[in-house]
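Trainee: Dropping a structure here in structure tokens format, bear with me for questions.
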Amino acid sequence: PHRPPRTAAHAATPAPAPRHAHAYPPWPQGPRLRQLRHRRPPAGARMSQGQSIRQGAAWIFASNTGRQILGFSFGIVLARLLAPEDFGTLLTIQVFTGLAGFISGGGMGQALVRAKSVTRADYDIVFTLQLIVGSLIYAFFFFTAPLFARWYDNPLYTDLLRLSALSFIFRPFINLPGSVLYRNMRYKAQAYVGVISLIVSSASSIALAYLGYGVWSLIWGGIVGAATSAATQIPLSGWRPGLSLDFKRGRGIARYGILVSANDIVGYLRNQVGIFILSRTLGPASVGLYNKGESLAKMPHAFITGSVYHVLFRTMAAEQDNLDKSRYLFFRSIALVAVYTTPFYIGLLWLAEPLIRGVYGEKWVAAAGPLLILSFAWPFWLMDNLSGAVLAAQSWLERELPVQIATLLITALAIVIALPYGIEGVAWAIVGVSVYSAFHLYWLATRCLQAHIGHFLRAVAPAALLNLLLAMTLYLVDLGMPDSLRQHDFLYLGCMGMAGGLIYGLAFLYLPIASLRTERQRWKVKLKLASLPA
């Protein structure tokens, strides 16, 4: 999805240490761990809020970046071993299991993280509810799998769906320890869990794909990765499973969780409706090709904007009564994310086709069209994503829900209209819908923060200037490049990347843009320190 999942199992965000230092339930974890967790740091040792936010974002960014790089690398190997149809088959199943995943979590993990204080009993009732719902979801998929297979006229879907649905049984063992790590600012631990799980999952899929298991390698890899995540998170968090039937206690948690889930479910359907329609019309191969372009287009957005989203949400939730600070955090986040992310999308205007062909091979070249087209949606993804953080932190989710429903309906209609133009037409439809969704959510966010709508343009002005210089540089380099060099994809990518990176870096460091002065000085200090001998 354009917005990172708002569940604790998928992300780690910082929380103000003083508020929660004594709220963590005193579960037996060893005297040293308990002593460290409940020790209040001396005043001189405490970080400022800005430092805490930056450190939290840095860890989340490092985790996201590491996983994106590893996922990209492993994805290249899998794309070489498997056919687009294999990925398309898996994605068709995930349309349904992904939707059920939001239902099984119920948004209760986010509610635990957002609460001012929680107890062991709160975690127990959430674990019990998620275990019951997960078991019911598995039973549903087990008995209805033959109907899905008959609908798609492919008997393979019966066993694939039943095996994939097993993850709902042990998903609570991932969600709850994830909530503990999320709430207690354990971003380093979250990074460790994410990287280890990805390595184990991807290595398992690659080994099975090499042995000829096709789409089964992707299913088993996901199950192995989920089991690894649970096995590593539980000891790191100190959480232990506990059952509770005090359902009255869970009402308050469930109330906020339902709003979170409703928005996430509609947002998920909005992002999956294209896969669903393509699977029913153009077939699994088109699904695989479109998804490859879409996933690459969202990669920079996911690991940069996703990092900022979680930190921004947690910080603004703590400062939700201070509109001045919330406005500053919102527009400052937009400005910095635009500066760091936009150059990737400017580069894709020239590099989409050689990137796909050089990295994945000729059989994936058709994915370059959606990749290039979806790059135009980047400014609207940014606006949509961070506006969503504002609405979640300020408890305006009930106002966001109608926007998400309207966007879902418009997306489905736009994709159906665009189908005669193939996967590139679908990509243009998604860009158009992103414009509507972004402006509507941004309008709500500015109302919530009592801000002016035009402040977005002021926030992204530095990024616009820097990237205009980048676009001119890439155009001139591409214009002057000999045809003999263009025929070698990796040489072309390297030359364009080095020229663009050099110009963008120099412009960032030396152009006198007032709003980037602090960020520019920070990088100059880092580069100066990095150049010194050890």
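The values are calculated or read from the model by the stated rules, or taken from the named source; none is laboratory data. Because the structure is predicted, anything quoted here is derived from the model rather than measured. Here the Cβ positions follow ideal geometry from the backbone for every residue, glycine too, while neighbour counts run over all protein chains shown. Accessible surface areas use protein heavy atoms only, side chains included; no ligands, DNA or RNA. Shrake-Rupley method; radii C 1.70, N 1.55, O 1.52, S 1.80 Å.
Trainee: Quote the FRET efficiency, to the nearest 0.05, computed for residue 203 versus residue 243 with a Förster distance R0 of 41 Å and r equal to the Cβ-Cβ distance.
Mentor: Numbers: r = 34 Å, r/R0 = 0.84.
The calculated FRET efficiency here is 0.75.
Trainee: Among 523, 464, 494, pick out the residue whose Cα is farthest towards the positive end of the charge dipole of segment 453-534, where Lys and Arg carry +1 and Asp and Glu carry -1 on C-beta, about the Cα centre.
Mentor: 523
Trainee: So between residue 487 and residue 450, what do we pick up on full extension, going 0.36 nm a residue minus the alpha carbon distance?
Mentor: Answer, rounded to one decimal: 8.0 nm.
Trainee: A follow-up question, please. Would you please state which residues of segment 278-315 a label at residue 363 would reach in this model, taking the label point 7 Å out along Cα→Cβ and a backbone N cut-off of under 18 Å?
Mentor: 283-293
Trainee: Output wanted: per-residue J couplings in Hz (rounded whole) for segment 321-328, from phi through Karplus 6.51 cos²θ - 1.76 cosθ + 1.60, θ = phi - 60°, x for Gly and Pro.
Mentor: For segment 321-328, the Karplus-derived couplings read 8, 9, 5, 4, 5, 5, 4, 4 Hz, x marking Gly and Pro.
Trainee: Right, another one. In nm, to one decimal, how far is the modelled label at residue 457 from the one at residue 421, with both set 7 Å along Cα→Cβ?
Mentor: Going by the 7 Å Cα→Cβ label model, 2.7 nm.
Trainee: In terms of solvent-accessible area of protein heavy atoms at a 1.4 angstrom probe, what is the ranking of 436, 309, highest value first?
Mentor: 436, 309
Trainee: With the cut-off at 1.5 for a/c, could you classify segment 289-333 from its C-alpha gyration tensor as rounded, prolate or oblate?
Mentor: Prolate is the answer for segment 289-333, as a/c is 1.5 or above and a/b outweighs b/c.
Trainee: Simple spin-label model, 7 Å along Cα-to-Cβ: residue 147 to residue 132 in nm?
Mentor: Going from the residue 147 label point to the residue 132 one covers 2.4 nm.
Trainee: Which peptide among 386-397, 77-88 comes first, and what is the full order, when sorted by highest mean count of other Cβ atoms within 10 Å?
Mentor: Ranking, from highest mean packing down: 386-397, 77-88.
Trainee: Going toward the positive end of the dipole of segment 315-362, with +1 on Lys and Arg Cβ and -1 on Asp and Glu Cβ, which of 331, 354, 344 do you reach last?
Mentor: Checked the options; the winner is 331.
Trainee: Further, regarding this structure: Sorting check: for 488-496, 350-358, which peptide has the highest mean count of neighbouring beta carbons within 10 Å, and how do the rest follow?
Mentor: My ranking of the peptides, most packed first, is 350-358, 488-496.
Trainee: In terms of the Cα gyration tensor, with a ≥ b ≥ c the square roots of its eigenvalues, is segment 180-229 rounded because a/c is under 1.5, prolate because a/b exceeds b/c, or oblate?
Mentor: Since a/c reaches 1.5 and a/b is larger than b/c, the shape of segment 180-229 is classed as prolate.
Trainee: When ranked by the protection proxy of mean other Cβ atoms within 10 Å per residue, highest first, what sequence do the peptides 319-327, 236-244 form?
Mentor: Answer by packing, highest mean first, reads 236-244, 319-327.
Trainee: In nm, what is the difference between 0.36 nm times the number of residues separating residue 510 and residue 76 and their Cα-Cα distance?
Mentor: 152.5 nm
Trainee: Here's a follow-up. Using alpha-carbon positions, what is the distance between the centroids of segment 441-493 and segment 307-360, in Å?
Mentor: Spelled out, the Cα-based centre of one part sits 13 Å from the other.
Trainee: With +1 on the Cβ of every Lys and Arg and -1 on the Cβ of every Asp and Glu, and nothing else charged, how large is the dipole of segment 323-419 about its Cα centre, in debye rounded to the nearest 20?
Mentor: 160 debye
Trainee: Also, I was wondering about something else. Give the accessible surface of segment 141-232 per residue, rounded to a whole number of Å², with probe radius 1.4 Å and ligands, DNA and RNA excluded.
Mentor: Accessible area per residue: 42 Å².
Trainee: Below 8 Å, C-alpha to C-alpha, sequence gap of six or more: please give me the relative contact order for segment 343-413 in percent.
Mentor: Answer for segment 343-413 is 25 percent.
Trainee: May I ask you to compute the full-extension gain from residue 406 to residue 154, defined as 0.36 nm times their residue separation minus their alpha-carbon distance, rounded to one decimal in nm?
Mentor: Result: 87.4 nm gained on full extension.
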